[in-house]
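Enquirer: The structure's right below; bear with me while I get my questions together.
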Amino acid sequence: MKAYVHEGEKGIVGAKLTDVDEPSPRVGEVKIHVKVAGLNHRDLFVLDKHPEHDPPLVLGSDGAGIVETVGEGVTDFSPGDEVLINPSLGWYEKSDAPPEGFQILGFPDNGTFAEKVIVSQEQVEPKPQHLSWEEAGVLSLAALTAYRALFTQASVKPSQTILLPGVGSGAVTFLLMYAKAIGARVIVTSRSETKRQKALALGADVAIDSAQEDWSEALRGEKVDVAVETVGAATFSKTLGQLRQGGTLVTFGASAGDEVSLNIRQFFYGQYRLLGTTMGSRDEYREMLHFIRRYNIKPLVDRVYPLSDAEQAFKRLEEAEQFGKIALRIDEEKSI
């Protein structure tokens, strides 16, 4: 079968479309014919994390498709079922942090950028009927991460104002749609005029030019109740500076630097709450699916590439040109 794998030299130069052996399901496992898969920033990190001397790795965490065969003991799914893949492995019950052994599909084990994928039946959920294949294929990782950040960690309420720096990524577009679905006020930032305008069209109340405007001046002294920081060192201090006293900052991204400076005296006098998060449990994944059905939320699909053009898809993601999610059409020969 065809798969997009990484081996050898680190980075995108080590990735290629090739033929790999087709897997067979074992006890409790499901074999899925993948229709569409989605890119995440994590896939870029895996290109550098995957050891050069390790066996070839099928990339990808997100995907949706049709059950082809099931292993012994599988009772919840049958061939022909339309399903989503939950890439959060080994985290079932909602908890303060993931359990020991938690992993994400796509590294260190093979992922979704292949015609067929094998996962435990515990990682499979029925595809929401209101989603197209493209929308379903890009949903899981970013949608789950955003859901836990906003609702489990930040406990956002409709009466609150939310700050979302760096609008445009898949996770931040989900955060924006979730917050607006419950009626919260949302402020976003971006260097890109195009992204700011798209965010306003998606429901954002205010869009700040992060390259030119002073955030405090742009907001005329307004402070926010909750901020979700996904950028990292480049914006962390500015984001914290916009929180009201006693406000909450949730962070799960560091694409612009891992280390930040913090005035600890200013922090404790401000009574701020700083919470980390990553991915989420199966409980939260199911809650998230219920939420998007209730509010008819659909992922914003930026662009769809055939699997054979995966390198171009990676370059678009790396250059941060996208607004929303980038999809890979795996089932290229059939209309979806």
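Enquirer: Residue by residue through segment 206-222, note down the ones that are surrounded by fewer than 17 Cβ atoms within 10 Å (Cβ to Cβ), without any contact (Cβ under 8 Å) to a residue 40 or more places away in the chain, assigned to a loop (DSSP other than H, G, I, E, B) and not small (Gly, Ala, Ser).
Expert: 212, 213, 214, 220, listed by residue number.
Enquirer: Ok, one more. Among the residues of segment 137-145, is there at least one that is at pLDDT 95 or above and on the phi > 0 side of the Ramachandran plot?
Expert: no
Enquirer: Identify, by number, the condition in (1) over 21 Å from residue 141 (Cβ atoms); (2) assigned to a helix (DSSP H, G or I); (3) open to solvent by less than 50 Å² (accessible area, probe 1.4 Å); (4) of a type outside the set (A, V, I, L, M) that residue 268 doesn't meet.
Expert: Evaluating residue 268 over (1) over 21 Å from residue 141 (Cβ atoms); (2) assigned to a helix (DSSP H, G or I); (3) open to solvent by less than 50 Å² (accessible area, probe 1.4 Å); (4) of a type outside the set (A, V, I, L, M) leaves (3) as the failure.
Enquirer: When the residues of segment 225-246 are filtered to those that are in a strand (DSSP E or B) and touching a helix residue (DSSP H, G or I) at 6+ places or on another chain (Cβ under 9 Å), which remaining residue is farthest from residue 280 (Cα to Cα)?
Expert: Among them, the one singled out is 245.
Enquirer: Then there's this: Within segment 70-92, take every residue that is at pLDDT 95 or above and charged (D, E, K, R) and give me the one that is least open to solvent (accessible area, probe 1.4 Å).
Expert: Step by step, filter segment 70-92, then rank; the result is 81.
Enquirer: Of the conditions (1) of a type in the set (Ser, Thr, Tyr); (2) surrounded by 13 or more Cβ atoms within 10 Å (Cβ to Cβ); (3) farther than 18 Å from residue 272 by Cα, residue 248 satisfies every one except a single condition; which number is it?
Expert: It fails just one condition, (3).
For (1) at pLDDT below 95; (2) open to solvent by less than 50 Å² (accessible area, probe 1.4 Å); (3) among the small types (Gly, Ala, Ser); (4) in contact with a Cys (Cβ under 6 Å, 6 or more places away or on another chain), each residue gets a yes or a no:
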residue: 5; (1), (2), (3), (4): no, yes, no, no
residue: 19; (1), (2), (3), (4): no, no, no, no
residue: 26; (1), (2), (3), (4): no, no, no, no
residue: 29; (1), (2), (3), (4): no, yes, no, no
residue: 32; (1), (2), (3), (4): no, yes, no, no
residue: 52; (1), (2), (3), (4): yes, no, no, no
residue: 68; (1), (2), (3), (4): no, no, no, no
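The values are calculated or read from the model by the stated rules, or taken from the named source; none is laboratory data. If you're wondering where the values come from, they're calculated on a predicted model, not measured in any experiment. Neighbour counts are summed over all protein chains in view; Cβ atoms, including those assigned to glycine, are modelled from backbone coordinates with ideal geometry. For the accessible areas, the whole protein counts, side chains as well, though only heavy atoms, and no ligand, DNA or RNA atoms are used. Shrake-Rupley method; radii C 1.70, N 1.55, O 1.52, S 1.80 Å.
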